[in-house]
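As structure tokens, the structure follows; a few thoughts come after it.
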Amino acid sequence: MAFIGMVIAGIAVIIFIVILIIMLVLLVTAITLKIVGKNKNIKKMRTAGNVLLIIGIIFAVPVVLITGLLAFNSMYEQITLPDESQKYILIQNITKMRELAEEGTEESIEELDRLLEKEPDLVYYLDVNKKGVIDFGLEQGNAKLVETALAHGAEFDDPRRYEHMAYFHNSMEYFIGSLSDRKITQDDVRIIELMFENNASTAYKDTLYLVYSNLFGEAVWAVLYNDGEITDTELEFIQVFIDNGLDSDENLLLYDEKPSNVYFSGKYYDNVKQDENYSTLMKIIGK
């Protein structure tokens, strides 16, 4: 399909160039005939010049339209809003929004807030990976960025994103999945609170690893094996699940209990410091 698209695009470019050349030849010839006909007072040359000028203008119409369309597309990008309506947004604003969201500092988020006030539909933009402003916040563990996105109309579990994803089915699953790559902070605690406060989905479908069967189990795994210790903040993170009724996973297995045919990459720390916080978490999960 991509090859066919390239062929069609190539043919369209060739046709455009041919039309452009014909237009230029007609206009130059028409103007030349009109000038010569006027200077030499030859009516037939002036008439021929007028005819060719009209034909040249006819050829110029598609050239102008195509040029205008190309210019418009270079400045604007079409986005789909949650209600399936379409909106054109300046590409420079989209680029600025992404830069501010990726930077994620307090100053950049304040600037992003002002940008979203000016262009509210930007909060619904999804890039080629189906990521929007709120997803950058979840990925980074940046609570202020998530709060800013929510304040401007973003929602968790956007079907425009998760209906196209194979590995994650909702925002909470995506968020917890990102925790295996970094330490859990107070921002993460605030984010999971925001998710429960905004009725984010807690559905879990993936049974690939066979060591947990719901998002509580996955959260426990993230707390246990994202690094070599369990912090007070991580216990607070787990407590948010418990306070919201998601407090157990009957199928939860620890690293040393996992089936022998299950392999995990080196990003999981199996040598966890077994201190007081570790004992507290074991009591929480009934181990």
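The values are calculated or read from the model by the stated rules, or taken from the named source; none is laboratory data. The structure displayed is predicted, hence computed values, not measured ones. Here the Cβ is made from the backbone with ideal geometry for all residues, glycine too, and neighbour counts use every protein chain on show. Keep in mind that these areas ignore ligands, DNA and RNA; they rest on the heavy atoms of the full protein, side chains included. Shrake-Rupley method; radii C 1.70, N 1.55, O 1.52, S 1.80 Å.
If you roll a 1.4 Å probe over the heavy atoms of the protein chains, what accessible area per residue do you get for the chain, in Å²? Write out the running numbers ahead of the final one.
Details: 16350 Å² over 287 residues.
Heavy-atom accessible area per residue stands at 57 Å².
Of the trypsin sites (Lys or Arg not before Pro) in segment 159-228, which ones lie in a loop per DSSP and count no more than 11 other C-beta atoms within 10 Å? Could you put the intermediate results ahead of the total?
On the way: sites: Arg160, Arg161, Arg182, Lys183, Arg190, Lys205; in loops: Arg182, Lys183, Lys205.
Those that pass, being in a loop and sparsely packed, are Lys205.
Students often get this wrong, so check it: of Lys144/Lys287; Lys205/Lys258; Lys131/Lys287; Lys96/Lys273, which have C-alpha atoms separated by over 31 Å? Can you show the working numbers first?
Values: Lys144/Lys287 35 Å; Lys205/Lys258 19 Å; Lys131/Lys287 37 Å; Lys96/Lys273 43 Å.
Going by Cα-Cα distance, Lys144/Lys287; Lys131/Lys287; Lys96/Lys273 fall outside the 31 Å limit.
What whole-number volume per residue, in cubic angstrom, does the convex hull of the C-alpha atoms of segment 24-84 give? Before the final figure, lay out each step's value.
Values: hull volume 5.1 nm³, N = 61.
Cα convex hull per residue, to the nearest whole number: 84 Å³.
At a 1.4 Å probe, what is the % contribution of carbon and sulfur to the accessible area of the chain?
On the way: 9400 of 16350 Å².
About 57 percent, which is the carbon plus sulfur part of the accessible surface.
Taking only the C-alpha atoms, wrap a convex hull around the chain and report its volume per residue in Å³ as a whole number. It would help to have the intermediate numbers written out before the result.
Working: hull volume 51.1 nm³, N = 287.
Spread over its residues, the Cα hull of the chain gives 178 Å³ apiece.
If you place +1 on the Cβ of every Lys and Arg and -1 on the Cβ of every Asp and Glu, how big does the dipole about the Cα centre of the chain come out, in debye to the nearest 20?
Charge dipole, the chain, about its Cα centre: 3700 debye, nearest 20.
Can you tell me the 0 to 90 degree angle between the C-alpha axis of helix 232-243 and the longest principal axis of the chain, rounded to 10?
For helix 232-243, the angle is close to 90 degrees.
Give the aspartates and glutamates whose C-alpha is closer than 16 Å to that of Lys183, dropping any in the same chain fewer than 8 places away, or say none.
Glu139, Glu218, Asp227, Glu229, Asp232, Glu234, Glu236, Asp270
What does the accessible area of His164 come to, in Å² to the nearest 10, when a probe of 1.4 Å is used?
Result for His164: roughly 130 Å² accessible.
May I ask you to list the GluC sites (Glu not before Pro) in segment 49-127 that are in a DSSP loop and have at most 13 other Cβ atoms within 10 Å of their Cβ? Can you show the working numbers first?
On the way: sites: Glu77, Glu84, Glu99, Glu102, Glu103, Glu106, Glu107, Glu110, Glu111, Glu117; in loops: Glu84.
Sites meeting the loop and neighbour criteria: Glu84.
Quote the accessible area belonging to Val13 in square angstrom, nearest 10, computed with a 1.4 Å probe and with ligands, DNA and RNA left uncounted.
Number for this one is 80 Å².
Divide the volume of the convex hull of the Cα atoms of segment 162-239 by its number of residues and quote the answer in cubic angstrom per residue. Intermediate values should be presented prior to the final figure.
On the way: hull volume 7.1 nm³, N = 78.
Hull volume over Cα atoms, normalised by residue count, gives 91 Å³.
For the chain, find the longest principal axis of its Cα atoms and tell me its angle to the long axis of helix 186-197, 0 to 90°, nearest 10.
It works out to around 80 degrees.
Can you pull out the chymotrypsin sites (Phe, Trp or Tyr not before Pro) in segment 105-179 whose DSSP state is coil and whose Cβ has at most 10 other Cβ atoms within 10 Å? Before the final figure, lay out each step's value.
Values: sites: Tyr124, Tyr125, Phe136, Phe156, Tyr162, Tyr167, Phe168, Tyr174, Phe175; in loops: Tyr125, Phe156, Tyr167, Phe168.
Listed in order of number, the matching sites are Tyr167.
Using a 1.4 angstrom probe on the protein heavy atoms only, could you order Asp275, Asp256 from most to least accessible area?
On the way: Asp275 45, Asp256 130 Å².
Result, largest first: Asp256, Asp275.
Relative contact order of the chain, please, whole-number percent, based on alpha carbon pairs below 8 angstrom and at least 6 residues apart.
Working: 322 pairs, mean separation 29.3, N = 287.
It comes to 10 percent, rounded to a whole number.
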